[in-house]
Amino acid sequence: MSAVKDPALTWDYERGRKPGTRVRTRRDAFARYKEDVQRDGKPFFPHAMFHDTVMSLVVVSTIIGLACVWYFTSSEEPGEDGAGWLGPRYTEEADPGTVSFVPRPDWYFYFLFYLLRIFKWPNTVVLGTVGIPTILLILLFALPFLDVRRERRILRRPVAVVTAILVVISMGTLTYKGATAEEGVGGASAELIDAWMEDNNLPESVRPGAELFAESNCVSCHSYDGVGGNIGPELTAIGKQNDAAFFIRYVSNPQAFGNSVMPSYAGLGEERLQDLAQFLEASKGG
């Protein structure tokens with residue numbers, strides 16, 4: 001009689017490996033475990049609950065441990081002077097009266113942050129912030145139902161591989177561009193004001209308004225000539241839409257026009273508001 005071959009032993013011999021007693025014992029134990037689970041099931045309590053509890057405890061303990069290391073190795077001095085093993089507690093003291101702070105998202109939202117520069121406010125901003133991400137999420141959720149093939153080899157799935165590569169490249173590029181995008185922090189320099197005047201063919205008479213536009217840090221929320229924030233509308237060609245009288249009324253009381261985000265600049269005074277309004281009126285995009 002010929003001996004019956006053990007499939008596990010044959011598998012290893014064909015690949016040049018000879019399983020030992022310990023390996024065979026563990027394989028047999030795992031096979032019996034799988035049979036028991038398939039026959040009797042695995043109750044949520046206490047098995048799954050115990051695993052989840054242990055993993056949650058490990059994650060929370062790690063976070064608490066890192067927070068303690070960061071706190072107890074650093075000091076209250078801002079910046080590098082107070083840095084510990086994991087960095088300083090804060091980079092600089094908070095200034096509640098600042099008007100030059102430009103809010104930026106966390107790094108994992110930089111791609112969406114940069115989409116706001118591609119899709120201009122207000123006509124297409126909804127497409128960039130809501131439309132595209134929503135469509136991609138729907139496709140991601142629907143993918144397991146659309147592609148039901150059992151093929152798992154990467155080389156046999158060219159469409160999925162190419163799509164994944166393009167998504168990674170796109171997300172990486174947008175994240176990098178969003179992280180390195182220049183913002184109008186602390187007003188604009190004299191060189192930048194000169195560039196505004198030249199690029200948009202502005203008369204010299206509106207320079208005081210341009211300087212006031214920079215000093216008031218309007219570029220924290222608005223972009224002008226490609227520089228600034230993207231919270232509010234782009235103002236390079238805003239003069240094509242309204243005149244100076246309208247801009248004075250709007251800037252003095254934005255809430256009256258339904259804008260609950262922009263603060264009132266009535267405190268600038270009539271003369272300075274007139275300078276700012278003339279600058280905006282002259283801004284017709286070159």
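Bear in mind these aren't lab numbers, they're just calculated from the coordinates by the rules spelled out. Predicted, not measured: the structure shown is a model, and the values here were computed from it. No Cβ is skipped: glycine too gets one built from the backbone with ideal geometry, and neighbour counts run over all protein chains shown.
Which order results if Tyr265, Tyr71 are arranged by neighbouring Cβ count within 10 Å, fewest first?
In increasing order of surrounding Cβ atoms, one gets Tyr71, Tyr265.
Give the whole-number value, in cubic angstrom per residue, of the convex hull volume spanned by the C-alpha atoms of the chain.
297 Å³
Helix 158-180 against the longest principal axis of the chain: what's the angle in degrees, Cα atoms only, rounded to the nearest 10?
40 degrees
Helix 132-146 against the longest principal axis of the chain: what's the angle in degrees, Cα atoms only, rounded to the nearest 10?
Relative to the chain, helix 132-146 is tipped by roughly 20 degrees.
Please report Phe113, Phe279 as a ranked list, fewest other C-beta atoms within 10 angstrom at the top and most at the bottom.
Phe113, Phe279
Quick one: if you stick a label point 7 Å off each Cα along the C-beta vector at Val261 and Thr21, how many nm between them?
So the label points at Val261 and Thr21 sit 7.4 nm apart.
Using a Förster distance of 41 Å, how high is the FRET efficiency between Thr124 and Glu92, based on the Cβ-Cβ distance and rounded to 0.05?
For R0 = 41 Å, the calculated efficiency reads 0.70.
In nm, give the distance between the simple-model label positions of Asp199 and Asp243, each being 7 Å from the Cα along the Cα-to-Cβ direction.
For Asp199 paired with Asp243, the spin-label model returns 2.9 nm.
Subtract the Cα-Cα distance of Phe141 and Lys284 from 0.36 nm times their separation in residues, and report this length gain in nm to one decimal.
Contour length minus the Cα-Cα distance gives 46.9 nm.
So for Asp106, Asp81, fewest C-beta neighbours within 10 Å to most, what's the order?
By the 10 Å Cβ count, ascending, the order reads Asp106, Asp81.
Could you give the length gained by full extension between Thr163 and Arg104, i.e. 0.36 nm per residue of separation minus their alpha carbon distance, to one decimal place? Please list the in-between numbers first.
Values: separation 59, 0.36 × 59 = 21.24 nm, distance 2.93 nm.
So the extension gain works out to 18.3 nm.
With r as the distance between the Cβ atoms of Ile154 and Ala67 and R0 = 41 Å, compute the FRET efficiency 1/(1 + (r/R0)^6) and round to 0.05.
0.55
Return the tail of the calculated pair distribution for the stretch 104-176, meaning the percent of Cα-Cα pairs more than 17 Å apart.
Percent of Cα pairs beyond 17 Å in the stretch 104-176: 56.
Give a quick list of GluC sites (Glu not before Pro) in the stretch 204-286 that DSSP marks as loop, anything other than H, G, I, E or B, with at most 15 other Cβ atoms within 10 Å.
none
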